[in-house]
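The structure appears right after this line, and notes come after that.
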Amino acid sequence: MTASVFFGCTFIAFGPAIALFLFTIARDPLRVIFLIAGAFFWLCSLLLSSLVWFITVQISNKESSSQQKGLLIFGVVLSVLLQETCRFGYYKLLKKANEGLLMLSAEETMPISIRQLAYVSGLGFGFMSGAFSMVNILADSVGPGTTGIHGDSQHYFLSSAFMTMAIILLHMFWGVVFFDSCEKQHWWSLAVVVISHLLVSCLTFQNPQYVGSLVPTYIIVFLVGLWAFFCSGGSLRNLKLCLTCKDKDFLLANHRPR
Amino acid sequence: MTGRGPGTIIGFPHKRKLVTSIKLFLFFCLSDVSCNSVAQKIYVELNNTVPCVRLLNATHQIGCQSSISGDTGVIHVLESEADLEWPLSKGPNPPYMVLLESSLFTKSIMMKMKNASSRVAGVVVVPKTSPPEFSPHTTCPNENTGVYTETYDHNLAHCNTTVWNPRGNGLSYEEFDFPVFSLKEDNETEVIKQCYFDHNRVVNGSGLQYPLCAMQLFSHMHAVTDTATCMRRSSMDFSTSPVMVCDPLGGYNVCAFIRPYNSTAFGHKENESVVIAAARLDSKAFFLEDSTGAEGSVSGFVTLLAAAQALCEATQEAPRTRNILFAFFHGEVFDYIGSSRMVYDMKNNMFVIDLDNVHSILEIGQVAVRSGTNLFLHSDPVSRRNNTVHDEVRGSEMLLFVAHFSQPLPPSSFQRFLRARAIPGIVLADHQTDFNNRYYESFYDNAAHLNLTYPSNLSPEEQLEFVTDTAKVTQMLYGFLVRSNNSWFQAVMAPELKDILQPNPPQYYVGVAKSSHQANALTYLVQYLLANLTGTATNLTQSQCKKPDELPNESTYLYSYLWVQGMVPPNSTQRESFCVRTAVRLVKAVSPAFDLGDYVSKEYSTWTKSQWKFIKARIFLVASRDLEMLTLGVGVAVLFTSLLVTYFVSTKADVLFSSVREPNNAAY
């Protein structure tokens, strides 16, 4: 549409991710490295799923639209499963690398905990996923035209941006929950992560009824976010303390020598 | 998630398989047009467009220019001249892209839009029915490069006695700073009209609802001001391949002597007297690539081709002392490029004869639109004051009507010869004073203008054979005005050139002078046709046809040898190709001003055409400014909110995430 739509959609889609990166990751080089490695693992899953989808599309009947729709659903499900598999693979790799990192570092304690790794890897997955979802659309939003001449909805750019923001946040939350469940061997919560990922991806089949896909997605974002908050050590009490600015007293009271 | 391009893998074990599958993916992606599906949701590309381009000469630039990133405007279909108020003053969403039908493509409407060009982003013309008359050329064609200058005869200069093209409005010679495109009436125009009716119609005087249908035109021209400036800018680049900003116009003249001379011996030929029979090949229109020139040029050169055939047959039996040169000049519309080049070559001993050898000149002008069978003879009153010239011309006034004695010549190539020397000559035309051609140099001067219609149930071959009067002339008219890809033209053409024959007529605009020895389609058609009509078929083989000098009776100094496809016999599919020995030659026709480096020349043509990078057109919907600003506002708000929240959370992280202790490790 124009530069204003381009910047608007970029900020909507990548705003939270940029803020998180700036304030929590950018200062620590180790976190940056793990972020990029996480992004790379997501890319691996995309490569594998795209190869499989491409081959199946080539051997399918291109004329039959029901077959193509079926193939799309198959592609989406396969891609979700491969992403979660890669997330699991990354977890295993990080666990194995734990001892190596401990040996390399000069200090006695781990420079980065598994919980922080969970958050960073989830954000890495989110960055890459958001980039691949949004960059193509952003590139075309710079031009003078907007969608609709063939009857599509006018709000294509805006809803894509909001969906991308949701996906990035979701990947981050899923990363936290996933690693936590693997640590505690809670396989049922692992299954819930996978199912919620499948649910969100399949909700996009509702498009162009954007209300039907965005509203449930944001509900899921909120719920998974709460779950991740509790998994990573948060509690309502802590939240109340922070919001009412009584945290300083709390810290002083609970001061422990490091 | 649908997959896009594969990422890079380091250390992937089956690297070669990966590379092959990447290549396969790219191949399939590129062979399927719809690779970028987002752009397909937004834009509809228009492919059948003809742009108005920029031409420059010694003093002016004419034509149209768009901005470098295209001009976008909300589409408005103009219904009448009064409706112009909407795009020019009343409409609330400027700039507008005005869509005109051909009846509204007039000088007054275009000039009104030119004066309000801040509100007009561009103009699109949809040609439909021909208006009763329309000529975008000037009223006095080629007035500064003909023979009638102030010094030659003050009273005859600048069309003081006869205005040759009174209907001319000079639209082709105006300069517009917005793009003007022409669309053919087909599916794309329907798409545009549908988009307009769905989104842009004003309902009950209320404002228009966004999104609106808009069009973007790209036709950015690189050259500015005039020929001297753009030539100077072109040669300033000192790299090995200089970047040209404009190209000189030009082509090739087609020449054939009845009795050929040695083509390597230039200059005066003793005791040789030549009559030049001339006609012009090219014409133009407002949209240069849509040039049809039925009455303007085709009528003249088709007549000359038929005459050449008849004369060649006649002189086979009874050779004459005087030779005849059949000259088809190209580029005459743009200040006599072809004829000025020939006169220049003759004066500087670069042609096989020179001006002393020229006995007289006969030119065939516009001869098709006649009332009855009247054909008029025009001559030059100033040179006729010389008695020898007068006597020669008098001798030719036999059965034809004579135009008024004191009337000057119409615009014709003969004028350039007169500019060099007072040679006797006449110009044949169908008009006594001003032109009968109501569509001089416009795109309505086509087959329908000459009433060249065929019953609709005939196939192309049947139309070719639809004989009315003289068979060859009718067939030539069919090939040049309706369909150049017919069996006769295929038979006379060379095998490597058969692709220039298309299902439409050839294009008559002279084009730019190419550095390689390549002419445009019209030149080749006339060359091969003249070779077929005046040359002789030989029984040389194809390899002998390429090198005929090895044979005792053949000579490439006198003749040129062309291998042509030939007819397909009724019972086979193989063409019977053969070698034609002909005196037809192509002579370069580029204005002498470019050889002399004189880009401000008043003597010779200095026309050049600007270069451009790409020309395209597309339509799409535009959203309102409010929605765009809202999107930006929401984006900035989201960014600020997330920055604030993240800052808050990260500073209070110790407190927020403190409940659970790691089971094994004692670190945060």
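Does the range B:563-584 include one or more residues that are within 14 Å of chain A (Cβ to nearest Cβ), open to solvent by 10 Å² or more (accessible area, probe 1.4 Å), touching a residue at least 24 places away in the same chain (Cβ under 8 Å) and part of a strand (DSSP E or B)? No - not one qualifying residue is present in the range B:563-584.
Taking the numbered list (1) facing chain B (nearest Cβ under 10 Å); (2) without any contact (Cβ under 8 Å) to a residue 40 or more places away in the chain in turn, A:ALA97 passes all entries but (1).
To keep it simple, each residue is scored yes or no on (1) open to solvent by less than 10 Å² (accessible area, probe 1.4 Å); (2) assigned to a helix (DSSP H, G or I).
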position: B:ARG341; (1), (2): no, yes
position: B:MET346; (1), (2): yes, yes
position: B:ILE353; (1), (2): yes, no
position: B:ALA368; (1), (2): no, no
position: B:SER371; (1), (2): no, no
position: B:ASP391; (1), (2): no, yes
position: B:ARG394; (1), (2): no, yes
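Only residues that are open to solvent by 50 Å² or more (accessible area, probe 1.4 Å), in contact with a helix residue (DSSP H, G or I) (Cβ under 9 Å, 6 or more places away or on another chain), without any contact (Cβ under 8 Å) to a residue 40 or more places away in the chain and not β-branched (Val, Ile, Thr) were counted across the range B:461-484, and they come to 4. Among residues of the range A:1-26 that are more than 7 Å from chain B (Cβ to nearest Cβ) and more than 12 Å from A:MET165 (Cα to Cα), those with a Cβ under 8 angstrom from a residue that is assigned to a helix (DSSP H, G or I) and open to solvent by less than 10 Å² (accessible area, probe 1.4 Å), sequence gap 6+ or separate chain, pair up as A:PHE6/A:SER141; A:PHE21/A:LEU123; A:ILE25/A:VAL120; A:ILE25/A:LEU123. Are any of the residues in the range A:162-178 small (Gly, Ala, Ser), more than 9 Å from chain B (Cβ to nearest Cβ) and part of a helix (DSSP H, G or I)? Within the range A:162-178, one or more residues are small (Gly, Ala, Ser), more than 9 Å from chain B (Cβ to nearest Cβ) and part of a helix (DSSP H, G or I). Quick check on the range B:586-604. Is at least one of its residues among the small types (Gly, Ala, Ser), at the interface with chain A (Cβ under 7 Å from one of its Cβ atoms), buried (at least 21 other Cβ atoms within 10 Å of the Cβ) and assigned to a loop (DSSP other than H, G, I, E, B)? No, the range B:586-604 contains no residue that is among the small types (Gly, Ala, Ser), at the interface with chain A (Cβ under 7 Å from one of its Cβ atoms), buried (at least 21 other Cβ atoms within 10 Å of the Cβ) and assigned to a loop (DSSP other than H, G, I, E, B).
Selection of the range A:61-83 for residues being among the hydroxyl-bearing types (Ser, Thr, Tyr) and either within 13 Å of another protein chain (Cβ to nearest Cβ) or open to solvent by 40 Å² or more (accessible area, probe 1.4 Å) (or both) yields A:SER65, A:SER66, A:SER79. From the list B:PHE614, B:PHE620, the one residue that fits, being facing another protein chain (nearest Cβ under 8 Å), out of contact with any Cys (no Cβ under 6 Å at 6 or more places or on another chain) and aromatic (Phe, Trp, Tyr), is B:PHE620. Across the range A:166-197, the number of residues qualifying as open to solvent by less than 40 Å² (accessible area, probe 1.4 Å) and over 9 Å from the mean Cα position of the chain (by Cα) comes to 13.
Applying the criterion of at least 3 residues that are in contact with a helix residue (DSSP H, G or I) (Cβ under 6 Å, 6 or more places away or on another chain) and modelled with pLDDT of 90 or more to the strands (runs of 3 or more DSSP E) found wholly in the range B:224-297 leaves B:250-257, B:274-280.
Is it the case that B:SER108 is under 21 Å from the mean Cα position of the chain (by Cα) and at pLDDT below 95? When the stated conditions are applied, B:SER108 does not pass them. Counting the residues of the range B:133-169 that are assigned to a loop (DSSP other than H, G, I, E, B) and farther than 26 Å from B:ILE109 by Cα gives 17. For the range A:134-151, the set of residues classified as closer than 19 Å to B:CYS195 by Cβ and more than 9 Å from chain B (Cβ to nearest Cβ) consists of A:GLY151 only. Residue pairs whose Cβ atoms lie under 8 Å apart, sitting 6 or more positions apart in sequence or on different chains, and linking a residue in the range B:624-653 that is more than 7 Å from every other protein chain (Cβ to nearest Cβ) to a partner that is surrounded by fewer than 19 Cβ atoms within 10 Å (Cβ to Cβ) and not polar (S, T, N, Q), are B:SER624/B:TYR210; B:LEU627/B:TYR210.
The values are calculated or read from the model by the stated rules, or taken from the named source; none is laboratory data. Given the structure is predicted, the values throughout are model-derived calculations rather than measurements. Glycine also receives a Cβ, built like all others from the backbone with ideal geometry; neighbour counts cover every protein chain displayed. Note: areas computed on protein heavy atoms with side chains; ligands, DNA, RNA excluded. Shrake-Rupley method; radii C 1.70, N 1.55, O 1.52, S 1.80 Å.
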